[in-house]
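The values are calculated or read from the model by the stated rules, or taken from the named source; none is laboratory data. Computed from a prediction, not measured in an experiment: that's the story for all the values here. Positions of Cβ are generated from backbone atoms using ideal geometry, with glycine treated the same way; all protein chains shown enter the neighbour counts.
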Amino acid sequence: MNNQQCTGFDSPLGVSRRQFLNSFGMGLGAMALADLAGPNDVNASGGILAQPHFPATAKRVIYLFQSGGPSQMDLYDDKPLLRKNHGQELPSEIRKGQRLTSMSGNQASLPLAGSKFEFQQHGESGASVSSLLPKIASVADDLCFIKSMHTEAINHGPAITYFQTGSQFPGRPSMGAWLSYGLGSENENLPSFVVLTSKGKAGQPLLTRLWGSGFLASKFQGVRFRSGKDPVLYLTNPAGIDATTRRRMLDRLNELHQLQLAKTSDPAIEDKIAQYELAFRMQSSIPDVMNFADEPEHVLQQYGEEVKTPGTFAANCLLARRLAERGVRFIQLYHPQWDQHGDLPNAISKQCHETDQPSAALIADLKQRDMLKDTLVIWGGEFGRTSYCQGKLTAETYGRDHHPRCFSIWMAGGGIKPGVSYGETDEYSYNVREQPVHVHDFQATILHALGIDHERLTYKHQGRHYRLTDVHGTVVQDILS
């Protein structure tokens with residue numbers, strides 16, 4: 001057999017062996033899927049689930065990710081004994097030989113550092129919140145504080161990737177991509193998954209893999225909105241090209257894509273067609289959602305002075321609400337620079353000044369619009385900070401290293417119980433004492449609020465069925481209303 005016979009399939013139609021097998025295989029697969037799933041195998045919003053696995057309490061998620069690892073004992077986890085024993089050595093029975101990072105693991109001493117900030121109880125729930133966060137404290141009765149989060153990851157890259165994708169290793173789909181894949185979009189003129197990052201913030205890099213689609217189709221990845229003239233890159237028509245010309249160009253390009261699709265049956269071509277069409281529709285929808293001119297002055301004041309500066313955390317919080325109103329499924333905000341290894345009191349004060357008022361305003365704004373009940377809002381980072389001081393402890397300041405053993409986040413709305421503090425750490429906020437919540441438990445609970453059984457939303461890749469929660473994870477039923 002010659003080389004041509006090995007690599008080609010000389011049919012009267014001129015179809016190659018690969019093309020024939022691809023078409024034949026996809027045809028059989030499509031028939032089998034239709035037989036198993038019935039006519040409603042893809043929902044009207046473009047998701048793979050014909051309907052949620054059970055009634056959802058949340059329609060959308062706004063995730064206020066505080067990148068770098070906020071210090072739990074300076075914000076939400078008050079530890080009077082830690083403050084009392086300030087300067088004493090971390091007890092060995094508390095550390096229990098657990099690993100430390102290389103940044104503090106070689107210190108001759110690990111002196112305890114009590115928080116410099118006062119705590120008070122707030123609202124009917126009596127939630128304990130630091131004086132650094134007076135606005136968040138004012139909406140404490142709407143929040144569910146989880147004080148017993150824990151993770152295995154001790155460095156930023158793996159830890160953030162773990163929260164966003166369910167794995168410490170790159171390459172998996174992000175949470176927003178999983179939701180887009182499962183539930184689709186509620187607005188055909190906007191992406192179902194949008195990413196917003198605070199501008200001008202240094203810190204650990206925020207890589208595109210955090211909102212990528214991994215092995216899912218590229219149409220499920222997050223679309224990053226930027227501040228400035230072009231919120232989405234390459235969306236604006238170049239000089240000399242108007243909307244009519246752009247439409248004609250896309251129509252001709254679509255015809256070429258359809259010809260190629262008929263030959264190869266490559267689903268990536270369908271994704272490309274869909275993305276071109278979405279980009280065209282976004283040329284009119286993006287300017288509308290980005291324009292705050294229709295927002296009343298009292299709403300702008302509610303979010304704070306920085307709301308009028310595009311790209312700030314305040315502006316992004318308001319933009320998140322506007323995107324949620326328009327049916328965007330998953331809105332991810334990143335606010336870096338919580339990685340406070342030194343001079344923590346000054347650094348964390350600045351971070352709280354930037355985030356406190358907008359975070360609380362978002363909760364109040366959603367509630368006033370009757371949207372909080374079906375919008376799940378999340379605030380938290382990738383791990384916590386150590387109760388001992390990294391570097392030299394002085395009378396004025398201290399630093400804290402990474403700490404995966406326990407940390408705090410909060411959730412609100414979307415079927416989460418309000419006015420609840422869940423879980424407990426030891427007297428030094430070093431280990432979880434009661435009701436531990438793992439990263440995968442947290443992810444399973446988010447999916448549950450959206451009506452998804454985390455064990456059933458899967459995708460087969462390289463011979464294995466993958467899911468956001470990997471191979472474990474338990475829904476935290478006690479925080480569900």
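Matching residues to (1) surrounded by fewer than 24 Cβ atoms within 10 Å (Cβ to Cβ); (2) within 16 Å of LYS201 (Cα to Cα):
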{"site": "GLN301", "(1), (2)": "yes, no"}
{"site": "PHE313", "(1), (2)": "no, yes"}
{"site": "ARG321", "(1), (2)": "yes, no"}
{"site": "PHE330", "(1), (2)": "no, no"}
{"site": "LEU333", "(1), (2)": "no, yes"}
{"site": "PRO345", "(1), (2)": "yes, no"}
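Pairs linking a residue in the stretch 187-209 that is touching a residue at least 40 places away in the same chain (Cβ under 8 Å) and more than 22 Å from VAL307 (Cβ to Cβ) to a residue that is basic (Lys, Arg) and buried (at least 18 other Cβ atoms within 10 Å of the Cβ), with Cβ atoms under 8 Å and 6 or more positions apart or on different chains, are SER192/ARG329; PHE193/ARG329. The criterion of being assigned to a loop (DSSP other than H, G, I, E, B), in contact with a strand residue (DSSP E or B) (Cβ under 8 Å, 6 or more places away or on another chain) and closer than 29 Å to THR57 by Cα does not hold for GLY451.
Within the stretch 304-328, residues that are farther than 13 Å from ALA361 by Cβ have Cβ atoms under 8 Å from residues that are outside any helix (DSSP H, G or I) and among the aromatic types (Phe, Trp, Tyr) in these pairs: VAL328/PHE193, counting only partners at least 6 apart in sequence or on another chain.
For the residues ARG172, ARG99, the requirement of being charged (D, E, K, R), out of contact with any helix residue (DSSP H, G or I) (no Cβ under 9 Å at 6 or more places or on another chain) and closer than 20 Å to GLY381 by Cβ singles out ARG99.
Here ALA50 passes the criteria (1) of a type outside the set (Lys, Arg); (2) closer than 25 Å to LYS460 by Cβ; (3) in contact (Cβ under 8 Å) with a residue 60 or more places away in the chain except the one numbered (3). Might you let me know whether the stretch 57-77 holds any residue that is over 30 Å from GLU354 (Cβ atoms), surrounded by fewer than 19 Cβ atoms within 10 Å (Cβ to Cβ) and modelled with pLDDT of 95 or more? Yes, some residue in the stretch 57-77 is over 30 Å from GLU354 (Cβ atoms), surrounded by fewer than 19 Cβ atoms within 10 Å (Cβ to Cβ) and modelled with pLDDT of 95 or more.
The helices (runs of 4 or more DSSP H) falling completely within the stretch 241-344 that include 2 or more residues that are aromatic (Phe, Trp, Tyr) map to 267-290. Residue by residue through the stretch 406-433, note down the ones that are in a loop (DSSP other than H, G, I, E, B) and either at pLDDT below 95 or not acidic (Asp, Glu) (or both). The answer is CYS406, GLY413, GLY414, GLY415, LYS417, PRO418, GLY419, GLY423, TYR428, SER429, TYR430, ASN431. Hey, VAL471 hits all of (1) of a type in the set (A, V, I, L, M, F, W, C); (2) over 24 Å from GLY126 (Cβ atoms); (3) part of a strand (DSSP E or B) but one; which does it fall short on? All conditions pass for VAL471, except number (3).
Could you tell me whether ARG224 is in a helix (DSSP H, G or I) and among the basic types (Lys, Arg)? So ARG224 does not fit the description; no. The set of residues from the stretch 128-150 being of a type outside the set (Ser, Thr, Tyr) and over 13 Å from ALA360 (Cβ atoms) comprises CYS144, PHE145, ILE146, LYS147, MET149, HIS150.
In this structure, LEU100 qualifies as touching a residue at least 24 places away in the same chain (Cβ under 8 Å), assigned to a loop (DSSP other than H, G, I, E, B) and closer than 30 Å to PRO205 by Cβ.
GLY214: touching a Pro at 6+ places or on another chain (Cβ under 7 Å), assigned to a loop (DSSP other than H, G, I, E, B) and farther than 27 Å from ARG329 by Cα, yes or no? The answer is no for GLY214.
Within the stretch 248-278, can you find the residues that are at pLDDT below 75, among the charged types (D, E, K, R) and more than 30 Å from ARG172 (Cα to Cα)? The answer is ASP251, and nothing else.
Within the stretch 242-267, residues that are under 21 Å from SER218 (Cα atoms) have Cβ atoms under 9 Å from residues that are at pLDDT below 75 and of a type in the set (Phe, Trp, Tyr) in these pairs: LEU250/TYR276; LEU250/PHE280; LEU253/TYR276; ASN254/TYR276; HIS257/TYR276, counting only partners at least 6 apart in sequence or on another chain.
When ILE146 is tested against (1) within 30 Å of PHE215 (Cα to Cα); (2) surrounded by 23 or more Cβ atoms within 10 Å (Cβ to Cβ); (3) among the β-branched types (Val, Ile, Thr), only condition (1) is not met. State whether the residues of the stretch 434-446 include one that is buried (at least 23 other Cβ atoms within 10 Å of the Cβ), assigned to a loop (DSSP other than H, G, I, E, B) and of a type outside the set (Val, Ile, Thr). The answer is no, given that none of the residues of the stretch 434-446 is buried (at least 23 other Cβ atoms within 10 Å of the Cβ), assigned to a loop (DSSP other than H, G, I, E, B) and of a type outside the set (Val, Ile, Thr). Is it the case, given these coordinates, that THR355 is crowded, with 23+ Cβ neighbours inside 10 Å and either modelled with pLDDT of 95 or more or within 30 Å of LYS84 (Cα to Cα) (or both)? Here the answer is yes, as THR355 does meet what is asked.
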